[in-house]
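What follows is a single structure, written as structure tokens, with notes after it.
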Amino acid sequence: MSALSDSPTVLVARARQSATDALVDVCWQQWGRLGFMTGDVRSGAGDAFIDPEALLLMTLDAVRAEPRLDAALSWWAVVGADLMSIPRLSAIRASVPGDLDGPIVGFAACAVGAGATSTAWKRLARGERVPPPERLKGVSDTGTGLTLVERPALTRPEAAMLRVRALAGVGAKADVIAFLAATSDRSSSAKTLQKALGYSYVPLRRAADDLVAAGIACAEAPAGRGAVRYAFQPGVLDLGNVPPWRYWPQIAAFLLHTARWGGGLPPGASAYALASRARDLAGLFEAFWAEHPLPARYPVAAPRDHPGEAYLEPFAQTVEAVARWIADGLPVGPAAPSGLVASILDEL
Amino acid sequence: MPFSASALDRYLRALGDELSLTGADARILVVGGAALVLRGTVDRSTVDVDVLAEIQGDTLLIPRPFSEALGQAIARVAASFPADLEPGWMNAAVASVWQSHWPARLPPGLDAAEWRDYGPLAVGIAGRETLIPMKLHAVLDLGASPTFDASGRNTGATVSLTGYDRRHLADLVALAPTDAELEAAAAWVQDQDAGDIDPLLHAVLAHVRSVR
């Protein structure tokens, strides 16, 4: 079908579906990497870095379109809640649209019910406590007797952020290590760390300086008044072949915004009105795409090049390109569990 | 960038769409070149849309500034057509002479405007009864560039403008005003200007009569 023949309504539906599909797909793939239903997941050069807070937020939204993801959330509440940074979760939450407050409380209640020790989870749960499903009980003790549901696969390179948290505790220091490992081809200023990780500047700077003192990171002070830049010190911590850092909070925000594109508009809204909303949405991410451009084969259309309603089609194509880029960065394999695994999930 | 009647229609539709996105509505009274273009009186493009008034209920408001919703919608349309529209593509400069109060005599014929709806945007396009006196006023408005040079003084038959936008005069001629319309326009213009404009006024009237 020629995209040119698509009506404005079809274009909007197409883009929203692309965003939702990408969201669901990335959730399945990344939870799979972490050990949830691991059967179909393979390591490879295309493996993407996992950002646990962004993944949780994406899943809490995607579960509306793919209810079976609820099983992954239940599993993570049991095995992974104590590896999550709640301050970072809150910081990222502020940048993504949608009513996720209720789902976050729900997840927190599951985490508390499964024995999460963090008082922050208890505060988030607002006194609620949801016991884990029968199939997951006991996994937090020894993990024995479970064939499909296992402890998280923290040793995988793409799980570096969680692995370092398990080693050094949840906080800025662990996340700086993970970030520097995932950006080992370059050095980064404290401001870059702040943009990527969402913590405040001072704790990040302090954490980075501590890592330099410990020999895990190195620092370079450019001549003049340039900011100190930090880099991963090779050969000290072996985290495996950590995949390149991905700005999942920003990508999640893009997908969640796009999945809601056109929502709230009056019925029969004109092509111009839809394009105008698309222009708003694109404007939110213009600086991000400029700073982190996609490879040329995933074109991101600039609104200024497509006046008025003419931006509708290029925007829909941009969403599809981003979705393709996300999918291409993930391992080859089914997007979601199928067959026997799917039927088991349906029962959970 | 100058825009044609069809382009202008497109931008006004876009403006209506922008207003509908915010649930706002607006009624504006358009004069100047845009009104002539929309009415098909002149076959030329225009570079902006002159808004004389914003109407709320039965009240004619000097749109300086525009109401918040309209002002934002105008800016958003400009952003949607960045290669074609300046941020001030729709403006109220034409009403600037009145600052905050209307003159004792409003331009005549405002109630004869032709209204067009663009969703929640209603555009009143001033008719010739309004446009002729306003164009005459614009031709004589020498404040910024007093370089009016009347040639052929002996006959008063031709007028040339130097250092000044000739389009106002061309528009006035294109309107082909009758003697009665010119006299009514001259009377309104003389009400507006305290200075001695008679020599210029007569030269312009003579010129228009000779070439209309």
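Observations on the structure shown:
- Simple spin-label estimate for B:A112 and A:R304 in nanometres, 7 Å along Cα-Cβ: 4.6
- For chain B, relative contact order (Cα pairs under 8 Å, six or more residues apart, normalised by length) works out to 20 percent.
- Contact residues in the range A:241-290 by the 20 Å² criterion (accessible area, 1.4 Å probe, full protein complex versus chain alone): A:P266, A:S270, A:Y272, A:A273, A:S276, A:R277, A:R279, A:D280.
- The share of accessible area on chain A that comes from carbon and sulfur is 55 percent, using a 1.4 angstrom probe.
- Value of [θ]222 nm, deg cm²/dmol, for chain A, DSSP H segments ≥ 4, -39500 (n - 2.57) each, nearest 500: -16000 deg cm²/dmol
- When A:D82, B:D117 are compared by accessible area of protein heavy atoms, the largest-first order is B:D117, A:D82, using a 1.4 Å probe.
- With DNA, RNA and ligands ignored, accessible area of B:R209 (1.4 Å probe; Å², nearest 10): 90
- Applying 1/(1 + (r/R0)^6) with r as the Cβ-Cβ distance of A:Y201 and A:A296 and R0 = 60 angstrom yields a FRET efficiency of 0.95.
- Partner chain coverage, peptide B:79-87 - average Cβ within 10 angstrom: 4
- Solvent exposure ordering (accessible area, 1.4 Å, most first) of A:E53, A:E291: A:E291, A:E53
- Compared with the dominant principal axis of the Cα atoms in chain B, helix B:198-211 is inclined by about 80°.
- Surface burial for B against A, with a 1.4 Å probe and both sides summed, reaches about 1000 Å² of accessible area.
- At R0 = 60 Å, FRET efficiency that the Cβ-Cβ distance of B:Q56 and A:D209 yields, to 0.05: 0.50
- Here the extension length gained between A:D328 and A:E286 equals 12.9 nm, from 0.36 nm per residue of separation less the Cα-Cα distance.
- Choice from A:Y311, A:Y199, A:Y272 with maximal GNM fluctuation in chain A (Cα, 10 Å cutoff): A:Y272
- Rounded to the nearest 10 Å², the accessible area of A:F285 at probe 1.4 Å: 20
- Label point distance in nm, B:S45-A:R186, each placed 7 Å from Cα along Cα→Cβ: 4.2
- Comparing the protein assembly as shown with the 2.2 N^0.38 Å rule of thumb, its C-alpha radius of gyration ratio is 1.36 (two decimals).
- For chain A, the relative contact order is 27 percent, taking Cα pairs closer than 8 Å that sit 6 or more residues apart in sequence and dividing their mean separation by the residue count.
- Computed over the range A:147-303: relative contact order in percent, which uses C-alpha pairs under 8 Å that are six or more apart: 19
- Probe 1.4 Å, all protein chains present, accessible-area order of B:R13, A:R163, largest first: B:R13, A:R163
- Annotation: aspartates and glutamates with alpha-carbon distance below 15 angstrom to A:K191 (same-chain offsets under eight excluded): A:D175, A:D209, A:E220, A:E291.
- Probe 1.4 Å - accessible area at A:C218, Å² to nearest ten: 50
- Gyration tensor (alpha-carbon) shape descriptor, the range A:58-129, a/c threshold 1.5: oblate
- Straightening the chain between A:D6 and A:L167 buys 52.7 nm, computed as 0.36 nm per residue apart minus the Cα-Cα spacing.
- Simple spin-label estimate for A:R151 and A:A223 gives 5.2 nm between the two label positions (7 Å along the Cα-to-Cβ direction from each Cα).
- Within a straight-line Cα-Cα reach of under 13 Å, B:K135 can be paired with the following aspartates and glutamates, leaving aside sequence neighbours fewer than 8 residues apart in one chain: B:D50, B:D165, B:D171, B:E181.
- Residue-normalised accessible area of the protein assembly as shown, given per residue in Å² at a 1.4 Å probe: 44
- Signed unit charges on C-beta, dipole axis of chain A, positive-most listed residue A:A321, A:V63, A:A282: A:A282
- In a reduced charge model with +1 at each Lys and Arg Cβ and -1 at each Asp and Glu Cβ, the protein assembly as shown shows a dipole moment near 1780 debye about its Cα centre.
- Its convex hull of Cα atoms gives the range A:241-318 a direction-averaged projected area, equal to a quarter of the hull surface, of 6.0 nm².
- Inter-chain neighbour count for B:15-27: the average number of beta-carbon atoms from partner chains within 10 Å of each residue's beta-carbon is 3.
- Separation between Cα centres of the range B:59-94 and the range A:260-293, rounded to whole Å: 21
The values are calculated or read from the model by the stated rules, or taken from the named source; none is laboratory data. The model shown is predicted, which means the values in this text are computed figures rather than measured ones. Because the Cβ atoms are built from the backbone with ideal geometry, glycine has one as well, and the counts that use them run over all protein chains shown. These area figures cover heavy atoms from the full protein model, side chains too; ligands, DNA and RNA do not enter into them. Shrake-Rupley method; radii C 1.70, N 1.55, O 1.52, S 1.80 Å.
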